[in-house]
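Derivation of every value follows stated rules applied to the coordinates shown; laboratory data play no part. Predicted, not measured: the structure shown is a model, and the values here were computed from it. FYI the Cβ positions are ideal-geometry reconstructions off the backbone, even for glycines, and counts take in every protein chain you see.
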């Protein structure tokens with residue numbers, strides 16, 4: 001998946017990337033991506049931060065929103081539990 005994101009960022013095909021880039025340079029790009037992700041994931045995080053700040057400004061009670069709440073493709077390991085608790089709150093049965 002990373003190779004496709006890098007190819008898009010560099011405006012070339014994956015095949016061209018394989019032909020033109022050395023193994024050493026690819027390793028450096030992988031390390032760079034670990035520090036500063038390339039592509040949509042970083043964009044989603046930025047948007048999630050802005051959306052969570054706006055939502056929290058207008059929140060009256062309950063748990064504060066997190067950026068991941070506004071990132072549709074993020075892996076949220078607490079999502080099933082949060083959905084259950086949200087449903088309980090909507091039904092007027094706060095979690096004890």
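Structure notes:
- Label-point separation in nm, residue 46 to residue 23, each point 7 Å along Cα→Cβ: 3.5
- Counting 0.36 nm for each residue step from residue 32 to residue 3 and taking away their Cα separation leaves a gain of 9.1 nm.
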